[in-house]
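The values are calculated or read from the model by the stated rules, or taken from the named source; none is laboratory data. Just so it is clear, the structure is predicted and the values come from calculations on it, not from any experiment. As a convention, Cβ positions derive from the backbone with ideal geometry for all residues, glycine included, and neighbour counts pool all protein chains shown.
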Amino acid sequence: MDFRLTEDQRALRKGVRELLARLFDREALRAAVDAPSLDRELWRELGAAGFFALRVPEEEGGVGLGLPEAVLLFEEAGRVLLPGPLVATHVAAGVVPGASEGEVVVTDASEGLVAWLDEADVVLGSTEGAVPLRSVDPLTPLHRVPGIGGAGDEGGTRPQGRRPVAPTLPQRRDPHAPAGRTPTTGGAGVLPVADELVAVLLTAAEQVGSAEATTETAVSYAGEREQFGQVIGGFQAVKHLCAGMLVRAELARVAVRAAAVTGDPVEIAGAKLLADEAATGNARDCLQVYGGMGFTWEADVHLHLKRAWVRARLRLPAARAEEVVAEQL
Amino acid sequence: MDFRLTEDQRALRKGVRELLARLFDREALRAAVDAPSLDRELWRELGAAGFFALRVPEEEGGVGLGLPEAVLLFEEAGRVLLPGPLVATHVAAGVVPGASEGEVVVTDASEGLVAWLDEADVVLGSTEGAVPLRSVDPLTPLHRVPGIGGAGDEGGTRPQGRRPVAPTLPQRRDPHAPAGRTPTTGGAGVLPVADELVAVLLTAAEQVGSAEATTETAVSYAGEREQFGQVIGGFQAVKHLCAGMLVRAELARVAVRAAAVTGDPVEIAGAKLLADEAATGNARDCLQVYGGMGFTWEADVHLHLKRAWVRARLRLPAARAEEVVAEQL
Amino acid sequence: MDLAYGAEEEEFRARLREWLAAVLPTLPARPDPLDWPARRAYDCGWQRRLHDAGYADVHWDASPTQRLIFLEETELAGAPYVGANFVGLLHAGPTIAAEGTAEQRARWLPSILRGDDVWCQGFSEPDAGSDLASLRTRAVRDGDAYVVTGQKIWTSHAEVADWCELLVRTDPGAAKHRGISWLAMPMDAPGVTIRPLRTLAGSTEFAEVFLDEVRVPVENRVGEENDGWRVTMVTLSFERGTAFVGEVVACRRLLGELARTARENGTWDDPVLRRKLGRLSAEFQALWRLTQANVSEAQATGGVPGVGGSVFKLHYSHARQELYEAAAAVLGPDALDLDRDWTLDRLSSLSYTIAAGTSQIQRNIVAERILGLPKGR
Amino acid sequence: MDLAYGAEEEEFRARLREWLAAVLPTLPARPDPLDWPARRAYDCGWQRRLHDAGYADVHWDASPTQRLIFLEETELAGAPYVGANFVGLLHAGPTIAAEGTAEQRARWLPSILRGDDVWCQGFSEPDAGSDLASLRTRAVRDGDAYVVTGQKIWTSHAEVADWCELLVRTDPGAAKHRGISWLAMPMDAPGVTIRPLRTLAGSTEFAEVFLDEVRVPVENRVGEENDGWRVTMVTLSFERGTAFVGEVVACRRLLGELARTARENGTWDDPVLRRKLGRLSAEFQALWRLTQANVSEAQATGGVPGVGGSVFKLHYSHARQELYEAAAAVLGPDALDLDRDWTLDRLSSLSYTIAAGTSQIQRNIVAERILGLPKGR
């Protein structure tokens, strides 16, 4: 047992961080906020870098790595608020032609919501009657599928341009295995809809990245901002807020990474639960550390908070995750 | 509208505080902890002072005051951890002969528990098959009525000496009115079992008194105890703990006092909820401020915490109180 | 412990209620929230009606209990908020009334009460937030005027304000609380630049105000030179007892709406949510009682507020944020829809534990001023 | 990121499991918790068996991963805890091994490993808790001995201990961290008085130790004179990576028991409780993974522990207290019954956020040592 990252994994993470710093720096983030649309060029570059094909077997032209490596990727994506239906496209790689290469943008319906529906080429799941809503997250345009998972369909059913496409996906897949490979272990029904599990876990990984980013942001601000003649990070109230953020982020990180190694559905549900809490809680605390300055549109804190809210709702929200974990007790 | 105490109420509170300081000082408290039994002399002195007959009409030999005054009494009782089935005896005054005078000790069954069963002369409610349990609170001996409100009856049904006595109590009573008086307002079924409501509210008042006592204890300790070259009350982490205690206690106090004025069942349920939280939460925080010293038997903090736990369970526990309040939304 | 209102108070309530019922249907349509001039016109029109009906000075001259009733009834009736007149009626006005000269009172107060002049607040600066007294906007005496240079932030209604209550540093050599003065600055003075500040909710409720050698007549100073901090404290503490009346009334209404929505969409059947709503209801009920307690205290002490406001704000800001979290759970996926009031309000609510004294600062105040714990860090 | 154990580790686990299965049924009955000599005999008997089977030094010489496996398996099998040998095996022993002379190691270590000698800890004092370095117990050199006078508190197993690892002040003039020395004090020395300390759970797990001119030979000092603080830090940080392995395993078992009870008594049907248990289960699972992460780190850095222990303890102590609150909700009125293990454990759990560094101190450590925020108050 050695839970630390391997040399290769560390190199992968470093490489991804550098890649994203190049492809999507803060300037690009703010530009995307000002003019939200899916950057096809960026998508193709991510594809070329193996972001989507990471778990596709080498013999099928992919990178041939596993879920643990994918989790590292999505942590980094979460850190920089990389936009787009990353999880859906990643999961579809090797199954939906063009997804691996970043030529095709894949999205899916989850919990009555569809992200990036207008920009996607392929849509998985039923989106019948989906209507656009003004999304709380400026970087995640959403459609609402009426009557699913919430307060109903006051929005009505406006017509929409595109027909949803739902290709046949393998229903079960060993989460240890690279995408597209047939399961090698487990009887029938052991892992229900592994792709959805993978999507839940990668979403959790993004939450972890976001939680780490807001922790670092808060700590950095607390070390600079002066009030009452000292940096506010010297006040216990602020220090202890920051310490709590680190604890949440750390716990969620080990939970997500371990779930990536074991692929256990219950562990994945638990990891999502903790990751949602870490991302939303840390963004909240980061805002509190920032005070008024965090309340401005120009600070990135709100982007993390809003995205964290979206991710928390999109795949296996807390109430259901808690039930899944309780179930096996 | 003037929510402040009247002159009379302030005098009453002062009188009760002085009375209890005389009848039940800290030495008496610790003696009672070492040798727990109901002090009949104390009980009679409380009776003589009008503690039980407070709400009994003057024409029936009582003090003729109302619920707001009773709440002040029970706040004081909660502050000093006055032992015995105070609430049950107070509610029974004017109905059960001898209760008013403190000649008779009345207890009742609530939520599957009976306090002071062995010492009581009169028991209200069904206590069939009640078995003694080793009570967490050394000052509140408890019997468990099997099969009610919890995990069942592993304890078996040991025989017990006394037959439970259940005199006929008026089923409804206007909580504004002094005890024993017939209701003057409200149609049938408006106030279900007003006595039980009164008991809930007075229990909440004890919780408030306890929450205030632990706040004062914590603040006083924080102002004396030195670590790292200063009193610990100078550290923000400790200060903020104490501030939170005050907020909880204040909120619960106004809730309880207002509920005493209005007699509204929903407001009473809400007040109990907040008072339970204030008493248990503040005892916990007081213990945290005390650190190791609060963990000793000699410190009184644990007595407050344990009693708060008992009171929280005895009448309208949180889960039900929340439902009662939600009901009217 | 009397929660019943006296005959005079009930009469005040009845008359007010009657007037509101008559006047509210005659109001024009609410303006677009992004149209500042329209908002100003709307708010000032409402203030003019209050003035003409004799309610203009309810924040100044009425008893705290009458003010409580006024705020309760207007909120219950769905009347307009104080809006653009907030600073004039609740901050600058009372300060001028208490600390201004007879001439200053005559000059500024009537137009505030009539809804003619709108005031804004120039207190906070980018580097002076929680530590307001560290403000650095400089005012240098030049003949009969101060020449003011610096930057203010979080100024509401700056775009449509006529006057700004401005804190400036007149003695940079003095201890930080000692060198501050309070000025009334005309917003159309040369050198004043306003830049709207976009909040995380996407709105521009606030502005930054840049001051570049703005000349403010010395006669516009209220209170003595370098005595502005004391003058300010009067302002900040003025209406603490009743500051939150409207908000608590509004929250109890919101909670009712939320329960209704939950019953409609089925989430009411989830005990986790239902019990959460029950608990919040108990908390807002208690906060209402705490408001009444604070008002009673203010009434008895001649309007001088205690520190009860900090106790209230600490719990209220937390409970209201919890209310929006519960709303998000009730709304489910719809909680991500910006076109729902709930969502915008949820975003705005993030400021409650920050604005007007962060929860951290409030806890310091409670610990030091109520509990007597030592000042420290 | 490898959670699978290597062949050698699996073999270690298999052998251990086999041995435990064979030896546990042969153990005598557990002693009465109030009978200290019996507890000592039981714990030392268990340590002797470990010694004879080759597991005595698992806390010292085994790899962190082997230690993890050892603690996991013994807890799963329901083996006795380290008990009376806690200080000897996990604090004093490792300190002597690292800092003692060859002679000191030969004198004290074998008897610890064999379960012959029991050690206790004399660190905390009534006025030196969180601020341990402010300890005041004085040691004055007199020939070849120190004369020690003072008072220690929170000493476990004092009544049955042979030795005490004692921190004393040897230079009262030096800065507080600089004048401390580490002594091995025989508990039967004249002048040592032990007074059991009753905890809020009603038990006497701890004692106060009064020292009145106790003579401790200078040769019993480990490390240089006045260098005791550094020596102590070695002790305190020794087994941080694996310190909580047994407790997490135990908590996961407790949570399973709680769910079983809830299913039996019907409280499982309450979604508030059920979801709470689900959340706790996710947290303890994550805490287990955090333990593995900390062990992996310790393994890689040659056993030098990081500050991961503070991160772990902060969440663990909170989660475990939450576990007992959930248990109280499941048990309902029965949660007030002291004869239930749950109730006693609930009371004991109140110390988790206090003992071995309060949560407040742990947050300081995390903020300052991991996050690099400035030292302050």
> Under the condition of being under 30 Å from residue D:278 (Cβ atoms) and at the interface with another protein chain (Cβ under 9 Å from one of its Cβ atoms), which residue from the range A:281-300 is surrounded by the most Cβ atoms within 10 Å (Cβ to Cβ)?
Replying inline: A:287
> Do you know which residues across the range A:248-296 are within 30 Å of residue A:226 (Cβ to Cβ) and not in a helix (DSSP H, G or I)?
Replying inline: A:296
> Any chance the range B:272-280 includes a residue that's in contact (Cβ under 8 Å) with a residue 12 or more places away in the chain, under 15 Å from the mean Cα position of the chain (by Cα) and away from chain C (no Cβ under 12 Å)?
Replying inline: yes
> Counting just the residues of the range B:219-246 that are surrounded by 23 or more Cβ atoms within 10 Å (Cβ to Cβ) and β-branched (Val, Ile, Thr), which one comes out farthest from the chain's Cα centre (by Cα)?
Replying inline: B:232
>> Restricting to the range D:325-336, name every residue that is crowded, with 22+ Cβ neighbours inside 10 Å and not small (Gly, Ala, Ser).
In response: D:330, D:331, D:333, D:334, D:336
> So which residues in the range A:314-323 are more than 10 Å from chain D (Cβ to nearest Cβ) and in contact with a helix residue (DSSP H, G or I) (Cβ under 6 Å, 6 or more places away or on another chain)?
Replying inline: A:315, A:316
> Quick one: residue D:5 ticks every box in (1) within 20 Å of the chain's Cα centre (by Cα); (2) in contact (Cβ under 8 Å) with a residue 24 or more places away in the chain bar one, so which box is it?
Replying inline: (1)
>> Scan the range C:34-41 and tell me whether some residue there is farther than 21 Å from residue C:117 by Cβ, at pLDDT below 95 and assigned to a loop (DSSP other than H, G, I, E, B).
In response: yes
> Restricting attention to the range C:161-179, and to residues there that are surrounded by fewer than 20 Cβ atoms within 10 Å (Cβ to Cβ) and either outside any loop (DSSP other than H, G, I, E, B) or of a type in the set (D, E, K, R) (or both), which single residue is modelled with the lowest pLDDT?
Replying inline: C:176
>> Name the single residue that is surrounded by the most Cβ atoms within 10 Å (Cβ to Cβ) among those in the range D:117-139 being in contact (Cβ under 8 Å) with a residue 24 or more places away in the chain and more than 19 Å from the chain's Cα centre (by Cα).
In response: D:139
> Do you know which residues across the range D:180-203 are part of a loop (DSSP other than H, G, I, E, B) and surrounded by fewer than 19 Cβ atoms within 10 Å (Cβ to Cβ)?
Replying inline: D:188, D:189, D:190, D:191, D:198, D:202, D:203
> Among the residues of the range A:255-266, how many are at the interface with another protein chain (Cβ under 7 Å from one of its Cβ atoms) and surrounded by fewer than 24 Cβ atoms within 10 Å (Cβ to Cβ)?
Replying inline: 2
>> If the requirement is being assigned to a helix (DSSP H, G or I) and at pLDDT 95 or above, which of these qualifies: C:213, C:219?
In response: C:219
>> Within the range D:206-222, take every residue that is touching an Asp or Glu at 6+ places or on another chain (Cβ under 7 Å) and surrounded by fewer than 18 Cβ atoms within 10 Å (Cβ to Cβ) and give me the one that is nearest to residue D:181 (Cα to Cα).
In response: D:218
>> Can you find a residue that is without any contact (Cβ under 8 Å) to a residue 24 or more places away in the chain and within 7 Å of chain D (Cβ to nearest Cβ) anywhere in the range A:190-202?
In response: no
>> Conditions first: (1) over 30 Å from residue D:176 (Cβ atoms); (2) facing another protein chain (nearest Cβ under 7 Å). Residue B:216 passes all but one, so which condition is the exception?
In response: (2)
>> Taking the conditions exactly as written (surrounded by 23 or more Cβ atoms within 10 Å (Cβ to Cβ), under 23 Å from residue C:247 (Cβ atoms) and within 14 Å of chain B (Cβ to nearest Cβ)), does residue C:68 satisfy them or not?
In response: yes
> Which residue pairs have Cβ atoms under 7 Å apart, sit 6 or more places apart or on different chains, and have a first residue in the range A:53-77 that is at pLDDT 95 or above and a second that is of a type in the set (Asp, Glu) and not in a loop (DSSP other than H, G, I, E, B)?
Replying inline: A:54/A:69; A:64/A:58; A:74/A:206; A:77/A:206
> Could you list, in sequence order, the residues of the range C:113-171 that are aliphatic (A, V, I, L, M) and under 30 Å from residue C:359 (Cα atoms)?
Replying inline: C:118, C:128, C:132, C:133, C:135, C:153, C:158, C:161, C:166, C:167, C:168
> Which of the following residues is closer than 23 Å to residue A:257 by Cα, modelled with pLDDT of 95 or more and out of contact with any Cys (no Cβ under 7 Å at 6 or more places or on another chain): A:46, A:42, A:23?
Replying inline: A:46
